[in-house]
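Step one of this worksheet: look at the structure below.
Every number here is computed from the coordinates shown, using simple stated rules; none is lab data. Every value quoted in this text rests on a predicted model; they were computed, and no experiment measured them. Cβ coordinates were reconstructed from backbone atoms using ideal geometry, including for glycine residues, and neighbour counts include every protein chain displayed.
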Amino acid sequence: MTATPTPAPPLAQQPATAHAPSAATTVADVVVVGAGPAGVSLATALAEAGLRVAGLAPHAPDAPWPNTYGIWEDELAPLGLAHFVTHRWTDCVVYLHGRALRLDRVYTLVDNRRLQAHLLERGAARSVVWRQGPAQAVTHDATGSTVTVGDGATLRGRVVVDATGHRPVFLTARQVTGHPIAYQAAYGIVGRFSAPPVRAGQLVLMDFRPDYLTPAERRDQPPTFLYAMDLGDGRYFVEETSLAAAPAVPLTRLEERLHRRLAHAGVRVVEVEHVEHCLFPMNLPLPRRDGPLLGYGGAASMVHPASGYQVAAALGRARRVADAVAAAVQRPDTSPAAIAAAGWEALWSAARLRRHRLYLFGLQAILRFDEEQTHDFFTTFFRLPTTQWAGYLSNTLTTAALVRTMLRIFATASPRVRSALLANGLGEVGLLWAALRGE
């Protein structure tokens, strides 16, 4: 059994980044590669499970996270993190068929700086050691794995976790699905505008109104929507988003659409504080899980195929995965592959895999929708009881409840949506059958 290390001084008493000694081998129980929300949250959970943890990232672990993260309040509250937000909206709407539909749910914007500092501080209190540098290579043997850093130093652990995002450094072997990769893409601006782009105190989750587009654009191009929020003090965040498309909608088109949408509403950009670009896969195939590496976050295909959200899942599943890894590490003769397998089972149980495939089945249907079917579908979806659509987006429904929700959508949808869903079912029999059988 690995002994719990002596706690390190609080983060406030250390330099911003805690480094291992240079030109040496850092020995730990687990090496975590990647310092985004997924990597930091798992490194902290592993340390709190009693393991020695070494982290590696090409930048300092306290380098600012570049993206904004919106999360429903009811997803943060069970994690005890609901106070790590900068904004909270009770006026949440979607626009479909030109009409506003109010959502009975509270939306929040994560305070990246405070949440990041909180996780790093908790990790530092349990002696998580971070090294800055590029991960060059990883090797494995019967008793552990070794990561080589760009400067020649090495990090040695019983297992290595790749948490470097959807273009992972090491975890590149993936299952074959036969489906093209669908991407969520977005171009956004935080700034000040000549007129309010949304109502004061409002969060617009989806504004699909296409009246600023030409008939040909509406007919021939994938639909996009405005995601926007009032940040207070005359500041707003506006973002043109493609929920999912294969191939991805170009960021240049989204930028152009955003400015055209604003101009159509009589709004112009006065001051730009921050420009945000997002492009990530919604249906990245799951990694091969029979080797000595464990993945987490985007590297482990944790993006929710129904929404594109991942941060809540990375925060929420970290402790379960950490506990499974810790239990495996406590057995001194356990190989890296066996430790990784324990982590994979905690992350991707049979039930979770079944639900994931059902979500992928639903994503394939959305990819086939035209503009009118998209409006019809989401009108039906957001008119479900809040517990159903919220659970669907949060990935918290049981398999049976998820199936019931999908059947209810089919039963109450418009004829043109039902026809598209039937066509999708015929075209995706293999995916649906695998989901229902739990394969």
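Judged by the mean number of other Cβ atoms found within 10 Å, the most tightly packed of the peptides 277-285, 238-246 leads the ranking 238-246, 277-285.
Placing unit charges on each Cβ (+1 for Lys and Arg, -1 for Asp and Glu) gives the chain a dipole about its Cα centre, and among Ala57, Val311, Ala200 the Cα reaching farthest toward its positive end belongs to Val311.
Determine the dipole magnitude for the stretch 164-237: charges of +1 sit on the beta-carbon of Lys and Arg, -1 on that of Asp and Glu, nothing else is charged, the reference point is the Cα centre, and the result goes in debye to the nearest 20.
180 debye
Note that the chain, at 4 °C in a medium of 1.567 mPa s, gets a Stokes-Einstein diffusion coefficient of 56 µm²/s from its Kirkwood radius over C-alpha pairs. Length available on full extension from Thr86 to Gln175: 0.36 nm per residue minus the Cα-Cα distance, which gives 28.2 nm.
Helix 112-125 and the longest principal axis of the Cα set of the chain meet at an angle near 20°.
Legend: calculated FRET efficiency, Arg260 to Thr143, from the Cβ-Cβ distance at R0 = 56 Å, rounded to 0.05, equals 0.40. About its Cα centre, the chain has a charge dipole of approximately 760 debye under the convention of +1 per Lys or Arg Cβ and -1 per Asp or Glu Cβ, with nothing else charged.
Computed from Cα positions, the angle between helix 37-48 and the longest principal axis of the chain comes to roughly 40 degrees.
Dividing the mean sequence gap of close Cα pairs (under 8 Å, 6+ apart) by how many residues the chain holds gives a relative contact order of 18 percent.
Output the Kirkwood hydrodynamic radius of the stretch 183-281, Cα pairs only, in Å rounded to one decimal.
Its Kirkwood hydrodynamic radius stands at 13.6 Å.
Between Thr252 and Arg383, residue separation times 0.36 nm minus the direct Cα-Cα distance comes to 43.8 nm.
Only Lys, Arg, Asp and Glu carry charge here, each on its Cβ (+1 for the first two, -1 for the last two); on that basis the stretch 183-281 has a dipole of about 260 debye about its Cα centre.
With a Förster radius of 60 Å, plug the Cβ-Cβ distance of Ser414 and Ala24 into 1/(1 + (r/R0)^6) and report the FRET value to the nearest 0.05. Working from the Cβ atoms, E equals 0.40. The angle separating the long axis of helix 399-412 from the principal Cα axis of greatest extent in the chain is about 10 degrees. Per-residue ellipticity at 222 nm, computed for the chain from helices alone with -39500 (n - 2.57) per DSSP H run of at least four residues, works out to -11000 deg cm²/dmol.
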